[in-house]
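**Q** Here it is, the structure, as structure tokens.
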Amino acid sequence: MQFGDVRVIDKLSFTVQQGETFGLLGSNGSGKTTTIRALLGIYPPTSGELLVGGRPYSVSGDIRLGYLPEERGLYKKESVIDTMLYFGQLKGLSREQAQKEALEFLDRVDLADKAKTRLDKLSGGQQQKVQLGITIMDNPELLILDEPTKGFDPVNRRLLMNIIENHQKKGATVILVTHQMEEVERLCDRIILLKDGKAAAYGTVKEVRKAHDGKSLDDIFVSIYGGENKEGQDDA
């Protein structure tokens, strides 16, 4: 994958097993978001392909996929419940199903009293909760979450990790893009760490730690990316 003369992703290949939670990790600018967007066809890839169950992935295919981007993309002038109903019906739910799923989710994340509130009146964290609810309301088989807990306090981060865990227990395959090593240690079966568009580490959490003399994932991250100072840059 490249933009002009700049190669962002270089001969990257990895496998995500059905039913696992897979961590896609790396510093800002390492190519995580570009990898996801290229695989989903948001960016036209210059080479490579995404296979799901051995078949090329297609947006119009029959797999239920939920994608939570790092940037929120909601209709800010609409109410929470109207927005969730709209997207739920786009996902194929009946209006009644969408309303049931939406209200149950809002109650779970302590936003039941905000159902009729306009989205632009919510905090950033509350909007992120709503977007997560939209992402999971049709019980997707493949769930791709790009920094789902970014900007959350520890209480809400743990709440969202519980929700992600529950979907994994239902059989969903989860790809988690995050900088939070606590989330990786708790949720991920296997991981890949990207650096300059290539795999700097790949395998189960146990395998990656063993290959780095038993260091914690935090220490491994620092040893691989510690020489870089890219804070504040957008991910490539």
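The values are calculated or read from the model by the stated rules, or taken from the named source; none is laboratory data. Not measured: the values here are computed from a predicted model. Positions of Cβ are generated from backbone atoms using ideal geometry, with glycine treated the same way; all protein chains shown enter the neighbour counts.
**Q** Quick check on the stretch 142-149. Is at least one of its residues part of a strand (DSSP E or B), of a type in the set (D, E) and under 20 Å from S30 (Cβ atoms)?
**A** Yes, some residue in the stretch 142-149 is part of a strand (DSSP E or B), of a type in the set (D, E) and under 20 Å from S30 (Cβ atoms).
**Q** Enumerate the helices (runs of 4 or more DSSP H) found wholly within the stretch 14-127, keeping only those where 3 or more residues are under 30 Å from Y225 (Cα atoms).
**A** 32-39
**Q** Taking L132, is it in contact (Cβ under 8 Å) with a residue 40 or more places away in the chain, in contact with a Ser or Thr (Cβ under 7 Å, 6 or more places away or on another chain), in the same structural domain as E78 (by TED's automatic domain parsing) and surrounded by 17 or more Cβ atoms within 10 Å (Cβ to Cβ)?
**A** no
**Q** Of the residues that make up the stretch 144-159, is at least one among the acidic types (D, E) and more than 24 Å from L50 (Cβ to Cβ)?
**A** yes
**Q** Okay, next question. Within the stretch 180-187, identify whether any single residue is in contact with a strand residue (DSSP E or B) (Cβ under 7 Å, 6 or more places away or on another chain), modelled with pLDDT of 90 or more, in the same structural domain as D219 (by TED's automatic domain parsing) and not aromatic (F, W, Y), and answer yes or no.
**A** Scanning the stretch 180-187, I find no residue that is in contact with a strand residue (DSSP E or B) (Cβ under 7 Å, 6 or more places away or on another chain), modelled with pLDDT of 90 or more, in the same structural domain as D219 (by TED's automatic domain parsing) and not aromatic (F, W, Y), so the answer is no.
**Q** Being among the acidic types (D, E) and surrounded by fewer than 16 Cβ atoms within 10 Å (Cβ to Cβ) narrows it down to one residue among E207, E183; which is it?
**A** None of the others qualify; the one that does is E207.
**Q** Against the condition under 24 Å from Q127 (Cβ atoms), of a type in the set (D, E, K, R) and either in the same structural domain as A200 (by TED's automatic domain parsing) or under 19 Å from the mean Cα position of the chain (by Cα) (or both), how does E104 come out, does it pass?
**A** no
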